[in-house]
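Structure record follows, encoded as structure tokens.
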Ligand SMILES: C[S@@+](CC[C@H](N)C(=O)[O-])C[C@H]1O[C@@H](n2cnc3c(N)ncnc32)[C@H](O)[C@@H]1O
């Protein structure tokens, strides 16, 4: 990621976003992270009489926009945390007046940090991209629309759960399309385009992004599975030459032929996990060959990239493994991520429940 996520929207994606807008009653268009103005220019072609508001935090971007686009209202401002009240007031007058917001906001959350936004007097914690959406909503007119590029993770991450619920309560959300990881030059994030129509009812297929991959629950099979997430971070792993050290398992040790328990031994005395269990990588390019049954009782220590699903006996471990392979498409789709693909304990729990297992944690 570069300093302020200055990955500009290619023309064809900008046109796709503009053509997703419903109706023709667009008289004021805003982009609160306008960059070089590509989204706004696409809108201006479609609605030549519309007034245009552009905000960006980068002085150079603002200088260029002011030079090139004399008729636009252009402001240099930090849209999320503008320290100057005078600057904040300059744009306050557009509150409730914007018929269309177009956004390709910055995605980066340094160190996984949350943004905190006050929305309708509620304090919301969410990702940077979603914070832009929530702040932008306050400028929309009563039937305004918003079309935004978001990191794919905004559709399912726990981090944005509260923000998704709020947005859903205010109008209709549709997912217009997905952009592959090569869509933006220099940025490998997987992203999606959403359309939000304020005040519009959602219809039956209410929240398009919740549990989108989950099947109807199977018949209950009364088997318990205990989920255990490995804890040892690779950069803290210290190898032991002594035979007393326990085998240490990272995703590279989950191999089609089984688990390679000979490669690493761990130096310090970590509590190990014992079979029977199904082991799977937490972060990876998903492959069913990486779902491995471990039947032995001798302990293994897991890196924080491995999740173990403990079962009562080997027969249950084998059945669980088979169920996961039979439902592989379902499992695979739960590995998501804007950059590297990963799965969370929460999503594994949902998969297990949907396959009829009872989940206990520890
Ligand atoms: C991904 S680029 C998108 C630019 C443009 N909207 C487009 O689609 O091509 C994100 C832009 O957000 C601006 N930006 C980053 N943080 C910002 C903030 N806190 N407030 C306003 N603009 C910000 C960057 O300078 C950059 O131009």
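FYI, it's all coordinate maths here, none of it is from the lab. On a predicted model such as this, the values are computed, not experimentally measured, just so you know. As a convention, Cβ positions derive from the backbone with ideal geometry for all residues, glycine included, and neighbour counts pool all protein chains shown.
Take every Cα pair under 8 Å whose residues are at least 6 apart in sequence, average their separation, divide by the length of the chain, and the relative contact order is 13 percent. Cβ crowding within 10 Å, taken as a proxy for footprinting-reagent exposure, orders 253, 238, 123, 334 from fewest neighbours to most as 123, 238, 334, 253. Seen from a random direction on average, the alpha-carbon convex hull of the stretch 111-172 projects onto 4.2 square nanometres. The C-alpha atoms of the chain define a longest principal axis, and helix 345-354 lies at about 70 degrees to it. For the chain, the longest principal axis of the C-alpha atoms and the axis of helix 128-137 are separated by about 40°. With Cα atoms defining each centre, the stretch 229-270 and the stretch 145-168 are spaced 37 Å apart in the structure. Translational diffusion of the stretch 11-198, estimated by Stokes-Einstein from the Kirkwood radius over alpha carbon pairs at 10 °C in a medium of 1.306 mPa s, is 95 µm² per second. Based on C-alpha pairs under 8 angstrom that are at least 6 apart in sequence, the stretch 54-115 has a relative contact order of 26 percent. Per residue, the chain reaches -7000 deg cm²/dmol at 222 nm when only DSSP H runs of four or more residues are counted, each adding -39500 (n - 2.57).
D for the stretch 224-361, whole µm²/s, Stokes-Einstein with Kirkwood Rh over alpha-carbon pairs at 10 °C and 1.306 mPa s: what number? Translational D for this selection: 105 µm²/s.
Hey, how much of the P(r) for the stretch 76-134 falls beyond 17 Å, as a percent of Cα pairs? Tail fraction, whole percent: 49. Cα-based radius of gyration for the chain, normalised by 2.2 N^0.38 Å, reads 1.18.
Count the DSSP beta bridges whose two residues both fall in the stretch 224-361, then state the antiparallel fraction as a percent rounded to the nearest 5.
75 percent
Value of Rg to Rh for the stretch 42-113, rounded to two decimals, is 0.98; Kirkwood radius and Rg both from alpha-carbon coordinates.
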